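In what follows, a structure is listed as structure tokens, so that the remarks can point back to it.
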Amino acid sequence: MSQSYDLARAAFADWGVETETALAALASIPISVHCWQGDDVGGFEKKSGTSGGGIQATGNHPGRARTPDELRADLDFAFSQIPGKHRLNLHAFYLDTDEAPDRDAIEYRHFAPWVDWAKESGLGLDFNPTFFAHAKADDNLTLSHPDQGIRDFWIEHGRRCREIAARMGAELGSPAVNNIWVPDGSKDIPVDRMAARRRLEGSLDAMFATPLPKTQLIDAVESKLFGIGVEAMTVGSHEFYLGYAIRKGTALCLDMGHFHPTESVADKLSAVALSVDHLLLHVSRPMRWDSDHVVLLNDDLLAMAQELVFADLLAKTSIGLDFFDATISRTAAWVMGVRNMQKALLRALLLPQARLKDAEARLDFTARLVATEELKDLPFAAVWNEFCARADVPVGQPLLTTLEGYQTKVSARR
């Protein structure tokens, strides 16, 4: 232990906080790292796709992964710079095969190399059906499409993704979260919202018709406020999926970029947790809209982490990242995003929770205010540095040097 950590430990002990307990808790929290940051949401299908769904990565920084092997190499590097054991969140169009199956024909074998890699790396896997970047999604309608044939195509895709995710969970001994997000909506004001939402509900019911073991699979549904091309109405709104998750028993995904800029996901957590058994977080940073910037250690992130800890929601929440920025080093974006999520959690774990809650329960808002502000001056960085040192990962200038060195290596790909 460093001298700075010893001093920090004493400073937190004065507030009744044991830093070793906080470090142990942080080490047990896996973050699901999103594969699509590494290649600008391109995927590895053997046929050309279309964009769609409002998905757009801007920038042309050198070093984009072009193959599954390159993406796994980049992920190996990123994970080596992040303390703790984590997960990979894989989208369905990141299959690793010489075949060219359409979305309604994918099978577990098309993703087996990812599972083999995860086993070797000691990682868990999560999964997502890909309801965009396909000719049958060009209208920004998939599971709610008026054409039954198109709905059936996407229902079959969703069914197969659930089976693939469950097999991944079984192979790795850890349930895979299979998260469903569809781009469905209307650019201009619709006249029959109910019909679209009934179609979406029916399609979801068909996808979920076959029960799969919860020890292998966690089904999740994800809402969105709006997107490009669906400005007037999103079929899968927050209210739609909240009701669906409560009725059907699925997990509910809350994406930090999928709400109005003045809404707080931190505030929503305790509200929905009273009615939903499992939560999924997509941690992102919107800027004016769902622009998916790299996560910063800002007030939004700190508030969300504190709510997870103070509301005792960590055991029922899966934490995943969801951003993509092609203007900067893609591997550095992964590393900084995960580490910022961990820093936010650590800061929450290092707060004197019982003391703050007691002041609030006594309506002593002065004590709550003073304590909350004074706590901001505690040496959180020294505890974080100790966490990284124990995991043998760099901080500060050495981290920057390491990230820049790898970027120089992968820049030669272009």
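The values are calculated or read from the model by the stated rules, or taken from the named source; none is laboratory data. Keep in mind it's a predicted model, so treat the numbers as computed, not measured. All Cβ positions, even for glycine, are placed from backbone atoms using ideal geometry, and neighbour counts span all protein chains on display.
Between residues in region 232-246 that are assigned to a strand (DSSP E or B) and residues that are hydrophobic (A, V, I, L, M, F, W, C) and surrounded by fewer than 21 Cβ atoms within 10 Å (Cβ to Cβ), which pairs lie under 7 Å by C-beta distance while being six or more apart or on different chains?
The qualifying pairs are THR234/LEU225; THR234/PHE226.
Applying the selection to region 240-279, what residues are touching a Phe, Trp or Tyr at 6+ places or on another chain (Cβ under 9 Å), crowded, with 21+ Cβ neighbours inside 10 Å and over 22 Å from ALA303 (Cβ atoms)?
The answer is THR250, and nothing else.
Can you tell me how many residues in region 370-399 are part of a helix (DSSP H, G or I) and either touching a His at 6+ places or on another chain (Cβ under 9 Å) or over 18 Å from GLN342 (Cβ atoms) (or both)?
7
Do we find a residue being surrounded by fewer than 17 Cβ atoms within 10 Å (Cβ to Cβ) and either closer than 30 Å to ALA73 by Cβ or without any contact (Cβ under 8 Å) to a residue 60 or more places away in the chain (or both) anywhere in region 323-342?
Within region 323-342, one or more residues are surrounded by fewer than 17 Cβ atoms within 10 Å (Cβ to Cβ) and either closer than 30 Å to ALA73 by Cβ or without any contact (Cβ under 8 Å) to a residue 60 or more places away in the chain (or both).
Here are some residues: SER275, SER284. Which one is out of contact with any His (no Cβ under 8 Å at 6 or more places or on another chain), over 18 Å from PRO129 (Cα atoms) and touching a residue at least 12 places away in the same chain (Cβ under 8 Å)?
SER275
If I go through region 382-399 residue by residue, how many of them are in contact (Cβ under 8 Å) with a residue 40 or more places away in the chain and within 22 Å of SER28 (Cβ to Cβ)?
The total comes to 11.
Within region 16-59, work out how many residues are over 22 Å from ARG103 (Cβ atoms), in a loop (DSSP other than H, G, I, E, B) and either at pLDDT below 95 or touching a strand residue (DSSP E or B) at 6+ places or on another chain (Cβ under 8 Å) (or both).
Looking only at that region, the number is 4.
Quick test for you: out of GLU263, GLU171, pick the one residue that is within 24 Å of SER275 (Cα to Cα) and not in a strand (DSSP E or B).
When all the criteria are applied, what remains is GLU263.
In region 311-349, which residue that is part of a loop (DSSP other than H, G, I, E, B) and among the small types (Gly, Ala, Ser) is farthest from LEU403 (Cα to Cα)?
Per the stated criteria, the residue is ALA311.
Collect the residues in region 335-355 that are farther than 22 Å from TYR5 by Cβ and touching a Phe, Trp or Tyr at 6+ places or on another chain (Cβ under 8 Å), keeping them in residue-number order.
GLY337, ARG355
From the set of residues in region 90-141 that are small (Gly, Ala, Ser) and assigned to a helix (DSSP H, G or I), which is farthest from ILE29 (Cα to Cα)?
ALA135
Which pairs turn up if I take residues in region 204-222 that are farther than 15 Å from THR317 by Cα and look for partners that are of a type in the set (Phe, Trp, Tyr) with beta carbon separation below 8 Å, at least 6 apart in sequence or on another chain?
These pairs meet every condition: LEU204/TYR244.
From the list LEU375, LEU356, LEU349, which residue is surrounded by 12 or more Cβ atoms within 10 Å (Cβ to Cβ) and within 16 Å of LEU297 (Cα to Cα)?
LEU349
Quick one: in region 280-301, which of the residues that are of a type in the set (A, V, I, L, M, F, W, C) and surrounded by fewer than 19 Cβ atoms within 10 Å (Cβ to Cβ) is farthest from GLN342 (Cα to Cα)?
TRP289
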